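Take a look at the structure below.
The values are calculated or read from the model by the stated rules, or taken from the named source; none is laboratory data. Predicted, not measured: the structure shown is a model, and the values here were computed from it. Virtual Cβ from ideal backbone geometry, glycine too; neighbours counted across all protein chains shown.
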Amino acid sequence: MQTKYLIIGSSHAGLSAADEIRVQDQKGTLTMISMENCLPYSPTILPYIVEGKVEEKDIYLRDEKYFKDNKINYLRGKKVIQVSTKTSKVTLDDGSEIGYKKLLVATGSEPTLPPTPGLKESSHLVLRTMEDARKINQAAQNAKSAVVMGTGLVGMHAAEALGKKGLTVELIRGRRRAVLPNYFDNDSGDLIHKVFVDNGIRCNLDHQVTQVEGKNGNLKVTVKDGTVFETNMVVVGTGVKSRMNFFTTPDVELGEGILVDNMMRTSVKNVWAAGDVAQATDFFSQKKELNPILPDAFEQGKIAGLSMAGDPAVILAFEEIGRQVALSYPGGVSMNTFNFYGNRSFALGLSLVEEKDDYEVHKKNVPEKCIYQKLVFQDDVLVGAIGINITIDPGVMMNLIRRGIHLNKARDEFIEKPLDMSRRLMWNNWRGVVKIGR
Amino acid sequence: MPTAYNTLVVHPEKCNGCGDCEIACAKVKADSSDVAHSRIKMIKGLGEEFFGPVVCMQCGEPNCVKSCPAHALTKNPDTGIVEWNKDRCVSCTICTLGCPYSGIYYNPLVSTVIKCDHCGGDPECVKVCKPKALEYSVEATVYDEQGPLEDLFGPDLAACMGCNMEILVRHTLRHLGPDTVLAAPPGCLPGVCAVGFNAATGTQVPSFHPLLTNTASMLAGVRRYYKRIGRDVTALALAGDGGAADVGFQSLSGAAERGEEILFVCIDNEGYMNTGMQRSGTTPFGSWTSTTPVGPNLRGKPRDAKYMPLIMLMHNCEYVATAVTAYMDDFHKKLEKAHQASKRGFAYLHVFSPCTTGWRYPGDKSIEVQRRAVVSNTFPLWEYERKTGKLRFTHPVDNPEPIGSYIAMLGKFRHLTKDEIAHLQKTADDRVRMLKAIEASGVETLKAVS
């Protein structure tokens, strides 16, 4: 089979690219491969499936009609085992080959396992695909207790979901630092930690797991100080890595992910990458870093699609100016929301930074009410924020960060009333002032 | 599928911060007096005086839709509304990360996000906004209705860049349809394309080129002839202010008085722009033209303009209205009424049409010039129907902007002193006062007095 555009992966990045390609090119053949045998869905929804907040039938991002209307050949339940950039072909697990003119790798990420002895052989659970979610739900049906390893987003979501199902949940993390260490600083992490403890989740920080053993509802988890947790299920949420093992020849430049430029192009001609799998420019450091979050995935996918379909104006501008054009990637900014037990929180940009050298940090911490607000400034520009149970528009703050808007004299007022002031600043900046001259 | 959508327009400069919109929204959306439920939010509580509401913009490419992992947000292709499905939403609030406009936000009282849905096409906030800072613009509907209709003008026009006439003639002919006969007396329009190039006309309807002096009488004859042979055609004249108010006035006045069944549109660009920008009867006081230059002896036109629409109103016309293309919804409504009226008697439409070349302003500002003329009450929009006998403002301006904001855009007024501007302001104020008096007392009373 031969196709003009081939997209591996069918989540936010892949779909966003397909949309953009179809805006530019309605005729070129477009094939999309999904390793799962279902319509496209977002991995972000999986914890909510486990929690029972939403049913499996309601989560699909596109329907059959979409693929028909947009003339997209959607291959489901097929796994890519090899990509050969020399011959412009990919090989699927059923042995078939697909030749492409332009390839987008949007395969996302897969769970990593810590090198804990016995873990690999034990019947542990992860949460990255629909199948994983089903397995967790199945295991939870007959379980009384669960051990959750890792306090990232997956671990925390899983702990809450299982706790709500009535299981005794032991949450284990190897290091001292608080929960959700990639997004929340110590103070806010402690607040979140406390809410989980209050809701009956047993949090074991600074407890390195030394051994996991057992199968089928009967497992034993041993930690460093010798304590043994006997449990019915083990969920591992200790991190993810880019899913890119199909590049067998080392021609595409790889780091932690697939290295891409600001048009999402890899080091090899006619191959693009977007989403969790891509390692693109970071907004602050301007170095190539992974930023595996949903909002970035669709943005990268869109740029990749535009670049693949080849809007001549954009490509030319990028080639000739050699730097950012309006529609190239502005750099990834870390951002996320985390809602737990009726509380809501978000973390944006350089949220982990503490007061030092260039940065000025303003905190408001009301632990008894579980309210936390942190604003990080570099000079008079907002570069990071954390909020727990405060009324602020994260999207507006995000745009203040990304546009590097100078607060000037408004800074003190901004710290005082971030909600109104941020809206006002964005108001000034999103509307061009109508200037009339002769 | 439509190509344009109706929009909720915010005019922040008119907002007085009263917060009625929030109260109305909370009431209609959540049956609550707590404004936390409001989908539209005032920016307030800041030291300086600054007001203005923020509300969902119903983006063309909504970030919130794209970042929703649960497919709970969708853009409705028919209405353009970004719709939120409560049953699918998992309250992850990732949508709020993408929105730079505070269009979708978390409401802790109901533990979900909330957003504006235009109340299904009749927004409650607009109804309660006294200073008219909120407006529900249905001009998209006009474009969706007109878009599929046949464009009866040629693809190429020879107008000056930025000329307002193109949008005017295309919309007019589209609206009136192919059963139209067009009279285009000397002026910009025949040269632009209505009469055409060599032997071909630029229109797809029969058009002819009467003299400046006999437009209305020739057209009246054409209409009578068609009527006699049993064909119902719309007799349309597109004349300039010279062809209507000055040179063409005798035949126009006669035809109107006789109640000829024609639709006469005066495209008023306040001068003889086609022949080199000479003054006309509708050129306003102080305006530079090539025959009223600015120098040591003369400071533009020394006389005031005559107000043609009211003169026509006194001709017992079926329908008289003033219009601009900047308010397209209003323009099409009036075209429709004028079209119907022209089957019963004389219909007169006076369209204010700025001239980028003769008035000296940048070509991309034609629409803005019209808007400012309307909001400063320089060119009030009204209509008169004989069957009701009433004059009615169709776009009342309660707090008009100073006329200076309109004058400042135009090179032809560049030399004006404060006193001269004050004179123009007084002229505009007097005119609006007179129109309001007619509106209040009725046209018949006015005729009785005069």
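Taking only segment A:227-285 into account, find how many residues are β-branched (Val, Ile, Thr) and assigned to a loop (DSSP other than H, G, I, E, B).
So the answer is 8.
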**Prompt:** Can you spot a residue in segment B:189-203 that is within 21 Å of the chain's Cα centre (by Cα), surrounded by fewer than 20 Cβ atoms within 10 Å (Cβ to Cβ) and among the aromatic types (Phe, Trp, Tyr)?
**Reply:** no
**Complete:** Of B:Val54, B:Val82, the only residue that is aliphatic (A, V, I, L, M), facing chain A (nearest Cβ under 7 Å) and within 29 Å of the chain's Cα centre (by Cα) is B:Val54
**Message:** Quick check on A:Pro418: is it of a type outside the set (A, V, I, L, M), at pLDDT below 90 and crowded, with 24+ Cβ neighbours inside 10 Å?
**Reply:** yes
**Item:** Filtered residues of segment A:137-150 (kept if part of a loop (DSSP other than H, G, I, E, B) and either touching a Pro at 6+ places or on another chain (Cβ under 7 Å) or among the hydrophobic types (A, V, I, L, M, F, W, C) (or both))
**Value:** A:Ala143
**Prompt:** Could you say whether any residue in segment B:376-388 is within 14 Å of chain A (Cβ to nearest Cβ) and surrounded by 17 or more Cβ atoms within 10 Å (Cβ to Cβ)?
**Reply:** yes
**Message:** Residue under question is A:Ile72, and the condition is that it be surrounded by 20 or more Cβ atoms within 10 Å (Cβ to Cβ), β-branched (Val, Ile, Thr) and more than 17 Å from A:Thr129 (Cα to Cα); does it hold?
**Reply:** yes
**Request:** Please tell me if A:Lys374 is part of a strand (DSSP E or B) and surrounded by fewer than 21 Cβ atoms within 10 Å (Cβ to Cβ).
**Result:** no
**Prompt:** Looking at (1) at pLDDT below 95; (2) buried (at least 18 other Cβ atoms within 10 Å of the Cβ); (3) not basic (Lys, Arg), which is the only condition A:Gly95 fails?
**Reply:** (2)
**Asked** List the pairs whose first member sits in segment A:50-68 and is free of Cβ contacts under 8 Å to residues at least 12 places away in the same chain and more than 9 Å from chain B (Cβ to nearest Cβ), whose second member is among the aromatic types (Phe, Trp, Tyr) and in a helix (DSSP H, G or I), and whose Cβ atoms are under 7 Å apart, counting only residues at least 6 apart or on separate chains?
**Response** none
**Message:** Need pairs with beta-carbon distance below 7 Å; first residue within 17 Å of B:Tyr5 (Cα to Cα) and within segment B:57-76, second assigned to a loop (DSSP other than H, G, I, E, B); sequence gap 6+ or separate chains.
**Reply:** B:Met57/B:Tyr101; B:Met57/B:Gly103; B:Gln58/B:Tyr5; B:Gln58/B:Gly80; B:Gln58/B:Ile81; B:Lys75/B:Pro62
**Request:** Output the number of the condition that A:Asp206 fails; it satisfies all remaining conditions of (1) at negative phi; (2) at pLDDT below 90; (3) surrounded by fewer than 21 Cβ atoms within 10 Å (Cβ to Cβ).
**Result:** (1)
**Request:** Of the conditions (1) surrounded by fewer than 22 Cβ atoms within 10 Å (Cβ to Cβ); (2) out of contact with any Gly (no Cβ under 8 Å at 6 or more places or on another chain); (3) within 13 Å of chain B (Cβ to nearest Cβ), A:Asp19 clears all except one; give me its number.
**Result:** (2)
**Message:** Looking only at residues that are free of Cβ contacts under 8 Å to residues at least 40 places away in the same chain and β-branched (Val, Ile, Thr) in segment B:82-110, which one is nearest to B:Gly60 (Cα to Cα)?
**Reply:** B:Val82
**Request:** Please list, ordered by first then second residue, the pairs with beta carbon atoms under 8 Å, 6 or more apart or interchain, first in segment B:363-385 and charged (D, E, K, R), second assigned to a strand (DSSP E or B) and surrounded by 23 or more Cβ atoms within 10 Å (Cβ to Cβ).
**Result:** B:Glu383/B:Tyr319; B:Glu383/B:Val320; B:Glu383/B:Ala321; B:Glu383/B:Thr322; B:Glu383/B:Leu391; B:Glu385/B:Tyr319
**Request:** Only residues that are in a strand (DSSP E or B) and under 26 Å from the mean Cα position of the chain (by Cα): list them for segment A:203-224, please.
**Result:** A:Cys203, A:Asn204, A:Val209
**Asked** Can you name the number of the only condition in (1) in contact with a helix residue (DSSP H, G or I) (Cβ under 8 Å, 6 or more places away or on another chain); (2) within 9 Å of another protein chain (Cβ to nearest Cβ); (3) acidic (Asp, Glu) that A:Asp420 fails?
**Response** (1)
**Asked** Are any residues in segment A:397-409 free of Cβ contacts under 8 Å to residues at least 60 places away in the same chain and within 20 Å of the chain's Cα centre (by Cα), and if so, which ones?
**Response** A:Met397, A:Asn399
**Message:** Take the residues in segment A:22-49 that are in contact with a Ser or Thr (Cβ under 6 Å, 6 or more places away or on another chain) and free of Cβ contacts under 8 Å to residues at least 60 places away in the same chain; name whichever of them is nearest to the other protein chains (Cβ to nearest Cβ).
**Reply:** A:Pro40
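For every residue, the table says whether it meets (1) of a type outside the set (Val, Ile, Thr); (2) out of contact with any helix residue (DSSP H, G or I) (no Cβ under 8 Å at 6 or more places or on another chain).
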| position | (1), (2) |
| --- | --- |
| A:Gln141 | yes, yes |
| A:Lys144 | yes, yes |
| A:Gly150 | yes, yes |
| A:Glu160 | yes, no |
| A:Lys165 | yes, no |
| A:Arg175 | yes, yes |
| A:Val195 | no, yes |
| A:Asp206 | yes, yes |
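So which residues in segment B:404-421 are among the hydroxyl-bearing types (Ser, Thr, Tyr) and either within 8 Å of chain A (Cβ to nearest Cβ) or surrounded by 22 or more Cβ atoms within 10 Å (Cβ to Cβ) (or both)?
Taking segment B:404-421 as the starting set, the residues that turn out to be among the hydroxyl-bearing types (Ser, Thr, Tyr) are B:405-406, B:417.
Hit for segment B:404-421 is B:Tyr406, nothing else.
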**Message:** Taking the conditions exactly as written (farther than 20 Å from B:Asp429 by Cβ, charged (D, E, K, R) and surrounded by fewer than 23 Cβ atoms within 10 Å (Cβ to Cβ)), does B:Asp364 satisfy them or not?
**Reply:** yes
**Request:** All but one of (1) assigned to a helix (DSSP H, G or I); (2) facing chain B (nearest Cβ under 9 Å); (3) modelled with pLDDT of 85 or more; (4) farther than 22 Å from A:Ile293 by Cβ hold for A:Val396, so report the exception by its number.
**Result:** (4)
